[in-house]
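Trainee: Structure below; questions to follow.
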Amino acid sequence: MYAVIRTGGKQYRVNPGEVVKVEKLAGKVGDEISFDDILMVGGEGEPAVGNPRVKGAKVLGRIVAQDRARKVIVFKLRHRKGYRRKQGHRQPFTGVAIESIEFGSKPKPEKKSEEGE
């Protein structure tokens with residue numbers, strides 16, 4: 001089973017048992033975290049696609065790292081003008097180990113009632 005979650009303005013496809021690096025989240029290493037913004041759940045039969053979210057779905061995980069990514073060099077240069085700027089940046093991230101995907105029943109299409117017979 002897999003799910004597509006949205007956090008930090010980005011979307012991630014997650015499976016139970018894997019570790020994903022997401023934008024920095026509040027919490028300490030070892031804390032449990034749940035994602036409620038689930039866009040899609042699939043893996044068993046027909047996938048459930050939300051509009052915009054899947055109702056009744058939840059992804060549970062545990063924070064395993066609060067770190068910063070590798071340094072990215074930002075270098076600006078104006079040709080033949082003597083302008084050079086060098087700057088580094090390390091983006092903070094949170095490592096989350098996905099423990100489970102909870103999804104009760106898949107949404108069923110609504111039946112139209114037959115009125116006026």
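Trainee: Return Arg62, Arg68 ranked ascending by Cβ neighbour count within 10 Å, so the fewest neighbours appear first.
Mentor: Working: Arg62 16, Arg68 11.
In increasing order of surrounding Cβ atoms, one gets Arg68, Arg62.
Trainee: Any idea how far apart Val19 and Asp67 come out in nm if each label point goes 7 Å out from Cα toward Cβ?
Mentor: Inter-label distance under the simple model: 0.7 nm.
Trainee: Explain nothing, just the number: relative contact order of the chain, from Cα pairs under 8 Å at least 6 residues apart, as a whole percent.
Mentor: Numbers: 243 pairs, mean separation 34.5, N = 117.
Dividing the mean separation by the residue count of the chain yields 29 percent.
Trainee: Report the semi-axes of the equivalent ellipsoid for segment 2-103 in whole Å, largest first, where each axis is √(5λ) for an eigenvalue λ of the Cα gyration tensor. Before the final figure, lay out each step's value.
Mentor: Numbers: eigenvalues 261, 59, 20 Å².
They are 36, 17, 10 Å, listed largest first.
Trainee: Hey, another quick one. Counting other beta carbons within 10 Å of each residue's own, what order do Lys28, Lys21 fall into, fewest first?
Mentor: On the way: Lys28 7, Lys21 13.
In increasing order of surrounding Cβ atoms, one gets Lys28, Lys21.
Trainee: Okay, next question. What is the spin-label model distance, in nm, from Asn51 to Gln87 if the labels are put 7 Å beyond Cα along the C-beta direction?
Mentor: 4.5 nm
Trainee: Hey, another quick one. Can you list, bin by bin at 10 Å, the percent of alpha carbon pairs in segment 1-49, starting at 0?
Mentor: Calculated P(r), rounded to whole percents: 22, 53, 22, 3.
Trainee: Using the 10 angstrom Cβ neighbour count as an exposure proxy, how do Val74, Val49 rank, fewest first? Walk me through the numbers on the way to the answer.
Mentor: Working: Val74 10, Val49 13.
So the residues, fewest neighbours to most, are Val74, Val49.
Each value in this text was obtained by applying a stated rule to the coordinates, not by laboratory testing. The structure displayed is predicted, hence computed values, not measured ones. Cβ coordinates were reconstructed from backbone atoms using ideal geometry, including for glycine residues, and neighbour counts include every protein chain displayed.
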